[in-house]
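Working notes, structure below.
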Amino acid sequence: MATKIVLFDVMGTLVSEPFLESIPAFFGMSLEQLLVDKHPHGWVDFEHGKISETEYLRNFFRDGRAFDHQAFTAMIRESYQLLPGVEPLLDAIKSAGHPMYALSNYPEWWRLIEEKLQLSRWIEWDFVSCKMGLRKPNPEAYRYVLRNLGVPASQCVFVDDRPVNLKAAAEVGMQVVLREESAAQLWHDLAAAGIGLGPRPSGP
């Protein structure tokens, strides 16, 4: 039987998401107000790799208001944390011999995550949206992965916290696992998908 390949969404699946709390706190506003004030498509363009960090930050707000870009990106970097239970899970998958890749909608800030957390101890960063020029749930994002890995979709197990992304992956033939809050549940669900992990250590 072919070794399974595990594809991970990153934000909200492996790593804490700064947009929900850290970014609104930086600006002293609620998440709801931030959603109103931010540029309507700047983030998506940034994730697609269509604009640079400089351009993204310059146009972060609809009204172009100024803020300290250096302090902002420093805050972003420091806000990244592995979610509880992720490290032993990734260790177990690696020990079981399953290759792991990020399949993530994210801009060039993936490098900040790597600098802070060194996710490359476990996963390869080949399939980030800013590199592919494609975002989930576009079916072409998943087909891009399959073409570059040279494997059938059935050999891939995709983990994400968003059902819409999982639905699109399943439609191209990938096995899918929903990332819920509990790392213990994720351990169980990956084992059920054919990822041999052994007994889970105690903890969250």
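Every number here is computed from the coordinates shown, using simple stated rules; none is lab data. Quick caveat, the model's predicted, so the values are computed rather than measured. Because the Cβ atoms are built from the backbone with ideal geometry, glycine has one as well, and the counts that use them run over all protein chains shown.
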Sticking to Cα atoms, compute the Rg of region 122-204 to one decimal and its Dmax as the biggest Cα-Cα distance, whole number, in Å.
-> 13.6, 40
For the chain, set up a Gaussian network in which alpha carbons nearer than 10 Å are linked by springs, and say which option among 132, 29, 100 fluctuates the most.
-> 29
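Does region 22-79 come out rounded, prolate or oblate, given a ≥ b ≥ c as the square roots of the eigenvalues of its C-alpha gyration tensor, rounded meaning a/c under 1.5 and, failing that, prolate meaning a/b above b/c?
Details: a/c = 1.56, a/b = 1.16, b/c = 1.35.
Oblate shape, in that a/c is at least 1.5 and b/c is the bigger or equal ratio.
Past 19 Å, Cα to Cα: identify those pairs from 50/136; 50/167; 94/167, in the order given.
Working: 50/136 16 Å; 50/167 26 Å; 94/167 26 Å.
Where the Cα-Cα span goes over 19 Å, the pairs concerned are 50/167; 94/167.
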Considering only 37, 160, 68, give the residue with the highest GNM mean-square fluctuation for the chain, with springs between Cα atoms whenever their separation is below 10 Å.
-> 68
With -39,500 (n - 2.57) per DSSP H segment of 4 or more residues and division by the full residue count of the chain, the 222 nm estimate, nearest 500 deg cm²/dmol, is -12000 deg cm²/dmol
Residue 49: net charge of surrounding residues, Cβ under 15 Å, Lys/Arg +1, Asp/Glu -1, itself excluded?
-> -2
